[in-house]
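Q: Encoded as C-alpha cells, here's the structure I'll be asking about.
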Amino acid sequence: MSYLDNVRVFVRVVELGTLSAAGRDQRVTPAVASNRIKELERHMGVRLFNRTTRKLTPTEHGRVFYDGAVKILEAVNEAESAIADLSRNPKGALRITAPLGIGRRLIASGIPEFHDKYPDIEVRLRLSDHNVDILSEGVDVAFKLGILEDSNLRMRGIMNCDRVICGAPAYFAQRGIPATPDDLITEHHDCLLLRYPGSKEYYWTLQTADGVRKLEVTGPYDSDDGDVLTQWALDGHGIINKPLFEVKQFINEGSLIPVLQDTPPLGAQLAAIYPHKRFQDPKVRLMIDFMAERCQRLIGKMLA
C-alpha cells in the first residue's frame, strides 16, 4: 500500500470520525480504510486511535501525528500543483460543493464540459442546501449565494443576484396581496422558509425607505431544499423569497406573481469560496474561472 494513501485515510478518519465516512471520502471500502490504518500503526509501532463501536478518536500519538500528517499532505499537494502549473497539465481530485438550486442549474451540467477540457482533473461534486463546513470536510471550492463569514477562507465574487418575493395567483386570490412588508406578519401570510441547522433564513431582509429591515416571518412548514419551497409556492401553498434568476421563468409564465417590489429583498452575492491554502492550486483557479464565466452567461440568459 502507498504510504501517502495510508496517511490520507488517517487524516480523514481523524476529521470525519469513522472508517466508513473516511472510506467514502477516499473512495475505498471501510475494510480497505481499516487495513490502511492498521498498516500505518504497524509501520509506526504505536496505536493511533481509541476505538469504540461508533467512533474512532485519536490517541495522544495520533493527535501528534495528525498535525504533522496534515503538513505533509499540504506540502505534497503544493508540490504537485507547482509541477502541474509548470507543465500546464493540472491533475488530481477536486472537491466542490454548491446549494441544490444553483448546483443543479449552473454547476452540475458544466462538470462534463470542464472534464473534457481538463481530463486529468477528477471532480467530486456535492450538492446540499445545508451549511457545509469547508475546512473540516476538505472542500476545495464552494459556490454559494451569500457573504463570507469565515476569515480562514477566501472569496471571489462572481455576480450580484437580485431576490424577489413571489407567490402563485391562487394563493393571493385566497389570502390577498401584501401591500407592505408589515402585512407579511400582521396578515399572517404563509412564508415558506429554507431551514436546517445553521440556517440564516429564519427572517427575511427587505430594503425599505427607512433602511434595511429584518422581518421574522413565519409559515406552516419549511424545508431544507430550496426547490421544494418553489414547488410549494407554485402549488399555491405560500410565499417564497428566492433569487430572481431561479424563478424568472415562472414569473414570465404567470405561474408566480412578484409582490412588494417597492421594498425588495436584500440581494445576495454569488461567489466562489475556498481555503487560503488552495489559492495556489491551478485546479482551483481553473474551476473558479470556468464556473464564473458559465454562471454569468447562464444567469444572463435566465434573466433575459
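The values are calculated or read from the model by the stated rules, or taken from the named source; none is laboratory data. Since we're looking at a predicted model, the values are computed, not measured. Heads up, the Cβs are rebuilt from the backbone with ideal geometry, glycines too, and the neighbour counts pull from every protein chain shown. Only protein heavy atoms, including side chains, enter the accessible area calculation; ligands, DNA and RNA are left aside. Shrake-Rupley method; radii C 1.70, N 1.55, O 1.52, S 1.80 Å.
Q: For region 1-84, please list each of the helices (runs of 4 or more DSSP H) lying entirely inside it that holds at least 1 residues being touching a Phe, Trp or Tyr at 6+ places or on another chain (Cβ under 7 Å).
A: Hits in region 1-84: 3-16, 30-44.
Q: I've got another one for you. Determine which member of the set VAL228, VAL212 is open to solvent by 10 Å² or more (accessible area, probe 1.4 Å), among the hydrophobic types (A, V, I, L, M, F, W, C) and in contact (Cβ under 8 Å) with a residue 40 or more places away in the chain.
A: Exactly one residue qualifies, and that residue is VAL212.
Q: In this structure, is LEU56 closer than 17 Å to GLY138 by Cα and either surrounded by fewer than 18 Cβ atoms within 10 Å (Cβ to Cβ) or within 29 Å of the chain's Cα centre (by Cα) (or both)?
A: No: the conditions fail for LEU56.
Q: Within region 1-50, take every residue that is among the acidic types (Asp, Glu) and touching a residue at least 40 places away in the same chain (Cβ under 8 Å) and give me the one that is nearest to ARG124 (Cα to Cα).
A: The extreme case among them is ASP25.
Q: So which of LEU303, LEU266 is out of contact with any strand residue (DSSP E or B) (no Cβ under 8 Å at 6 or more places or on another chain), hydrophobic (A, V, I, L, M, F, W, C), open to solvent by 20 Å² or more (accessible area, probe 1.4 Å) and within 18 Å of LEU145 (Cβ to Cβ)?
A: From the options LEU303, LEU266, the qualifying one is LEU303.
Q: Every residue in region 86-110 that is under 24 Å from ASP25 (Cβ atoms), at pLDDT 90 or above and buried (at least 17 other Cβ atoms within 10 Å of the Cβ), please.
A: Passing the criteria: LEU94, ARG95, ILE96, THR97, ALA98, GLY103, ILE107, GLY110.
Q: In region 260-304, what count of residues is obtained for those that are part of a helix (DSSP H, G or I) and of a type outside the set (D, E, K, R)?
A: Residues in region 260-304 being part of a helix (DSSP H, G or I) and of a type outside the set (D, E, K, R): 16 in total.
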